[in-house]
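The values are calculated or read from the model by the stated rules, or taken from the named source; none is laboratory data. Quick caveat: nothing in here was measured; it's all calculated off a predicted structure. FYI the Cβ positions are ideal-geometry reconstructions off the backbone, even for glycines, and counts take in every protein chain you see.
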Amino acid sequence: MSRGISLRDVALSLRGRLTKRLTQLANARDRTPPVVPAPIDEVIRGVRTPQALSRLLEGRSNPERESAVARYLRTLGVPFAVHPFACAEGSGENFSVDLGAGDRVLLLAAHHDAVDGSPGANDNAAAVGLLLTLLERLAVSPPTKRRVRFLFTAAEERGYLGARQYVLGANIAELTGVLSLELCGIGDSVVIWDAAEETPFLRQVGAALEGVGLRRDQSYHVVGRIPMFGSDHRAFAPLGVPAYGFTLVPSANAEALRQFVWSPVRSAIRHLIRRPVPFDTYHTPRDRGGTLEPKALALALRGLEAVIAEVA
C-alpha cells in the first residue's frame, strides 16, 4: 500500500476539520471557567505520577503542550528523537524514545495535542503522563530482547496527522505491535479496540492483562473496529501492523457506552444533553484534571507494564 497522499488522508483531513468546527460550536455555549495551567517547573520538581504529570499539558495551547513534552524529556536526560512535519494539513513535532535492545519494537503512542477549548486532561494528557511514567521506570532496567518505543504524537485531533506523517519515514517492518493510549484516566475496565481479528500480538496483550488479574469480558474487553472514534494506531494498521487502541471505561456504564460508540448517529441525538462517562467531558471545557481517577491511572499503568513484560 502506498504511503503517499491517498483518498484516506483526504477523508481524515476533512474529518479533522469537521470535528474541530463542531467542537468549537459546542464549546462556545459552555461557561466552564478556563483552567490555569500549572507552572512547568513546579510539575517537573513535583511527584512523578501519571496524574501529576498530566498537569504538564492540561490547559495549555497545543504549541505549549508540544514544548512541555520536549522539555520534560530533556529533564529526564534520555535521548529522544524529534520528528518534525509540515504539510498542507498542518505542522507539528512528534517525539520518540527507544529503550532496550533487539530488532523488534513494541510501540506505545500517546498524542500530546487537544481540541480547541478543552483543557485536554483525559484526552490526552493522562495518557502522556502514563507514558512518561513508564519511560522513566523502564529506563532503570531496559528490556533486553526487544525495544520499547514511546511515541508522543502531534495533531492527532486532525485525523491522526502526526502519526500519519510519522509512518511515512518509519521502519514499519520492525514493529511487533502498536497500542495508542486514549482516554486512560477514568474507569475500571480496560478496552482494547479496533481488534477486528486475532493476532499473535493481540494474544500477548490479552495474556499480559490476564497475568495481572484481569479477566476477559469482565475487567478487560476486546472489541472490533469502532465506527466513529479513532486514534493514532489507525495510521499503522493499514500498513499491516497489529495496532489497537488502549482505553479505560467505567464498567457501570457498559451498556450506555456500547450504544454510544456503536451507534454514533443515533446516540449523538439521544445523548445530546448528557453523554455517558467518560464521553461526558470528551472534547469539552470540562475535561479537567479533577475528573481523573487515580485508580484508573494505576490500572492502566499496571496493564501497560504487564504488556511490556510480556512482549518485550
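Annotations for the structure displayed:
- Residue selection: PHE95 fails the criterion of being in contact (Cβ under 8 Å) with a residue 60 or more places away in the chain and aromatic (Phe, Trp, Tyr).
- Residues of segment 149-176 satisfying the condition of being on the phi > 0 side of the Ramachandran plot and touching a strand residue (DSSP E or B) at 6+ places or on another chain (Cβ under 7 Å): ALA155
- Any hit, segment 33-52, residues being free of Cβ contacts under 8 Å to residues at least 40 places away in the same chain, in contact with a strand residue (DSSP E or B) (Cβ under 8 Å, 6 or more places away or on another chain) and surrounded by fewer than 22 Cβ atoms within 10 Å (Cβ to Cβ): no
- Some residue of segment 88-107 being closer than 19 Å to TYR166 by Cα, surrounded by fewer than 18 Cβ atoms within 10 Å (Cβ to Cβ), of a type in the set (A, V, I, L, M) and in contact with a helix residue (DSSP H, G or I) (Cβ under 9 Å, 6 or more places away or on another chain): yes
- Per the conditions (1) at negative phi; (2) surrounded by fewer than 20 Cβ atoms within 10 Å (Cβ to Cβ), the sole criterion not satisfied by LEU73 is (2).
- On the stretch given as segment 80-100, residues that are at pLDDT 95 or above and assigned to a loop (DSSP other than H, G, I, E, B) total 1.
- Checking each residue of segment 65-77 against the condition of being touching a residue at least 24 places away in the same chain (Cβ under 8 Å), closer than 28 Å to PHE201 by Cβ and within 18 Å of the chain's Cα centre (by Cα) gives at least one match.
- Segment 213-239, residues that are in contact (Cβ under 8 Å) with a residue 60 or more places away in the chain and either within 20 Å of the chain's Cα centre (by Cα) or within 12 Å of PHE279 (Cβ to Cβ) (or both): TYR220, GLY230, SER231, ASP232, HIS233, ARG234, ALA235, PHE236, PRO238, LEU239
- Residue within segment 106-129 that is part of a strand (DSSP E or B), of a type outside the set (A, V, I, L, M, F, W, C) and at pLDDT 95 or above present: yes
- ALA208 under 15 Å from LEU179 (Cβ atoms), out of contact with any helix residue (DSSP H, G or I) (no Cβ under 7 Å at 6 or more places or on another chain), modelled with pLDDT of 95 or more and not polar (S, T, N, Q): no
- Looking across segment 123-143, the residues that are within 20 Å of ILE40 (Cβ to Cβ) and either free of Cβ contacts under 8 Å to residues at least 12 places away in the same chain or touching a Phe, Trp or Tyr at 6+ places or on another chain (Cβ under 9 Å) (or both) come down to ALA127, VAL128, LEU131, LEU132, LEU135.
- The condition of being of a type in the set (D, E, K, R) and either at pLDDT 95 or above or crowded, with 16+ Cβ neighbours inside 10 Å (or both) holds for ARG216.
- The residue list GLU210, GLU157, GLU198, GLU174 contains one member that is more than 21 Å from ALA235 (Cα to Cα), out of contact with any Gly (no Cβ under 6 Å at 6 or more places or on another chain) and among the charged types (D, E, K, R), which is GLU210.
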